[in-house]
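Remarks on the structure that follows.
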Amino acid sequence: MSTHAATAHAALSPESTTSSGATKALGIGAIGIGLTLIGLFVSGGKIVAFSWLVGLTFWTAIAIGMLMLVMIHHILDASWSVVLRRQFEHGLAAFPWLALLFAPLVIVSWTGSHDLIWKWMNPDYVLASGHTVGHDPLYVKKSAFLNLPMFTVMTALCFIVWIWLSARLRKASFTQDADGDLKWTFMNRKTAAFGLALGAITLTLASIYWVKSLDYHWFSTMFGVWFFANCVRGALSIGVLLLLWLYARGDLKGVLNTNHLHSVGMLVFAFTVFWAYITFSQYFLIWNANIPEETFWYNLREITKAGEPSQWKYVGMLLLFGHFLLPFLYLLSYKNKIVHSRIKPIVIWILLIILVDMIYNIAPAVKDYSTGEPKPFLSISLLWTVTSVIGVGGVFFWAYFKSFAMTKLIPIRDPRIKECLTHHE
């Protein structure tokens with residue numbers, strides 16, 4: 001037996017229990033959810049609902065990114081990412097629980113509180129122009145797409161597709177650990193072939209219905225691609241943290257090498273540039289066209305009615321430098337991609353800045369009743385956003401740990417596992 005195979009063999013069946021990790025994750029999640037519920041009495045349903053939407057969108061985006069990366073791995077027949085793929089497969093177990101956590105937002109929308117988050121759900125909602133939503137020409141043109149039954153069906157459809165694709169991919173991968181049959185590899189390639197198209201459509205629908213429609217007057221043809229960029233960056237960042245965690249506790253020693261981290265780091269770098277390209281293109285096209293139905297979205301996030309810079313303008317500048325320039329310059333270095341103590345802080349930063357990006361796209365839809373302007377970034381609603389992210393994140397990792405204990409640490413009978421263990425640049 002080769003050195004790599006012998007070393008890997010010791011790490012194939014992690015005997016160290018994950019029940020404590022699952023219990024801790026669920027406990028943290030319960031605390032986060034409990035604190036968020038307290039916010040209902042402190043700040044009201046509208047503020048907490050928006051915060052809950054941020055938390056759900058953030059973690060669902062990461063799960064979608066994992067799903068897309070697993071399918072990209074299979075469609076490209078990649079070898080170096082086999083070990084990383086297994087961690088993503090565990091993350092896919094969170095989809096049913098994310099659907100359950102999203103259900104309250106849909107239920108509340110059907111109970112009569114139609115303007116709680118998505119104001120277009122209430123035809124009698126009075127807009128700043130004085131017209132109601134039902135008499136707004138822009139809504140009338142979009143009403144076949146933007147209506148409560150369609151929202152409910154499409155949200156359910158998105159989760160059903162994600163859960164179904166995840167189940168197929170996980171079943172084939174986990175079963176192959178037992179029998180080593182190549183048919184499971186071919187099955188996953190077929191799943192990826194149609195799954196990538198389904199994933200692209202559903203993530204676009206989810207981003208439009210959940211986030212973009214908060215300001216339904218706004219037009220953007222790049223919003224789904226922006227969301228995809230954040231999905232993949234978030235998934236890669238979580239993937240790096242999971243690999244480093246497993247290596248630190250000894251499970252991946254002899255399995256994970258610097259070339260794996262370099263490859264993941266290059267992907268993080270590539271999607272950093274991709275996010276910047278999409279975000280700049282969206283801003284430039286809207287700025288260049290100078291159409292009120294498009295520019296208002298940025299105006300709300302840059303200036304107050306008095307013409308003064310708002311807090312959101314500085315958040316936008318943080319995204320410019322923190323979402324792109326800092327990671328771009330940092331990841332140019334080879335060592336910053338392969339040294340554990342160097343790559344860890346940058347992926348944590350990327351996760352935080354993705355969260356800020358989600359807040360930047362969602363929270364300004366909450367208007368101050370007295371001024372009609374977005375509530376400031378640094379307000380009490382930020383507290384409930386943090387508790388929501390912790391609550392949903394706890395459930396996400398609880399699902400991960402539960403899945404982690406079900407199968408082998410790495411896909412031991414994947415036809416590409418040997419190439420993965422000996423991966424070189």
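Any residue in the stretch 289-315 that's basic (Lys, Arg): show its pairings with residues that are in a helix (DSSP H, G or I) at Cβ separation under 8 Å, as long as the two are six or more apart or on different chains.
Within 8 Å, the pairs are ARG301/TRP312; ARG301/LYS313; ARG301/VAL315; ARG301/GLY316; ARG301/TYR360; ARG301/PRO364.
Do we find a residue being crowded, with 20+ Cβ neighbours inside 10 Å, within 22 Å of ARG86 (Cβ to Cβ) and of a type in the set (D, E, K, R) anywhere in the stretch 401-412?
Within the stretch 401-412, none of the residues are crowded, with 20+ Cβ neighbours inside 10 Å, within 22 Å of ARG86 (Cβ to Cβ) and of a type in the set (D, E, K, R).
What tally of residues in the stretch 171-208 results from selecting those that are in contact with a Leu (Cβ under 8 Å, 6 or more places away or on another chain), within 29 Å of ALA103 (Cα to Cα) and not aliphatic (A, V, I, L, M)?
Final tally of qualifying residues: 4.
Among the numbered conditions (1) in a loop (DSSP other than H, G, I, E, B); (2) over 26 Å from the mean Cα position of the chain (by Cα), tell me where LEU116 comes up short.
Result: LEU116 fails condition (2) only.
Collect the residues in the stretch 212-231 that are surrounded by 20 or more Cβ atoms within 10 Å (Cβ to Cβ) and either hydrophobic (A, V, I, L, M, F, W, C) or touching a His at 6+ places or on another chain (Cβ under 8 Å) (or both), keeping them in residue-number order.
LEU214, VAL225, TRP226, PHE227, PHE228, ALA229, CYS231
Looking at this structure, is ILE390 under 24 Å from the mean Cα position of the chain (by Cα) and surrounded by fewer than 17 Cβ atoms within 10 Å (Cβ to Cβ)?
No; evaluated as a whole, the condition is false for this residue.
Name every residue in the stretch 76-97 that is crowded, with 24+ Cβ neighbours inside 10 Å and among the hydroxyl-bearing types (Ser, Thr, Tyr), in order of residue number.
The answer is none; no residue qualifies.
Please work out which one of (1) buried (at least 23 other Cβ atoms within 10 Å of the Cβ); (2) modelled with pLDDT under 95; (3) polar (S, T, N, Q) is the condition ASN122 fails and give its number.
Answer for ASN122: the failing condition is (1).
I'd like to know if the stretch 304-323 contains one or more residues that are within 30 Å of MET266 (Cβ to Cβ) and polar (S, T, N, Q).
no
Just one of the numbered conditions (1) touching a Lys or Arg at 6+ places or on another chain (Cβ under 9 Å); (2) buried (at least 16 other Cβ atoms within 10 Å of the Cβ) is not true of SER333; which one?
Of everything listed in (1) touching a Lys or Arg at 6+ places or on another chain (Cβ under 9 Å); (2) buried (at least 16 other Cβ atoms within 10 Å of the Cβ), SER333 misses just condition (2).
For the stretch 213-302, which helices (runs of 4 or more DSSP H) that fit wholly inside it have 3 or more residues that are among the charged types (D, E, K, R) and within 18 Å of the chain's Cα centre (by Cα)?
Helices (runs of 4 or more DSSP H) meeting the threshold: none at all.
Answer yes if at least one residue in the stretch 372-379 is modelled with pLDDT of 95 or more, surrounded by 16 or more Cβ atoms within 10 Å (Cβ to Cβ) and in contact with a Phe, Trp or Tyr (Cβ under 7 Å, 6 or more places away or on another chain), and no otherwise.
no
Out of the residues in the stretch 284-323 meeting the condition of being touching a strand residue (DSSP E or B) at 6+ places or on another chain (Cβ under 8 Å) and of a type outside the set (Lys, Arg), tell me which one is nearest to GLU373 (Cα to Cα).
Among those residues, the one meeting the criterion is LEU300.
Can you tell me which residue within the stretch 43-96, out of those that are at pLDDT below 95 and among the charged types (D, E, K, R), is farthest from LEU165 (Cα to Cα)?
Going through the qualifying residues, I end up with LYS46.
Cβ-Cβ under 7 Å, sequence separation 6+ or interchain: first residue in the stretch 215-235 and touching a residue at least 12 places away in the same chain (Cβ under 8 Å) and of a type in the set (Ser, Thr, Tyr), partner in a helix (DSSP H, G or I) and surrounded by 17 or more Cβ atoms within 10 Å (Cβ to Cβ). Which pairs?
TYR216/TRP120; TYR216/TYR139; SER220/LYS212; SER220/GLN282
The values are calculated or read from the model by the stated rules, or taken from the named source; none is laboratory data. Computed from a predicted structure; not experimentally measured. All Cβ positions, even for glycine, are placed from backbone atoms using ideal geometry, and neighbour counts span all protein chains on display.
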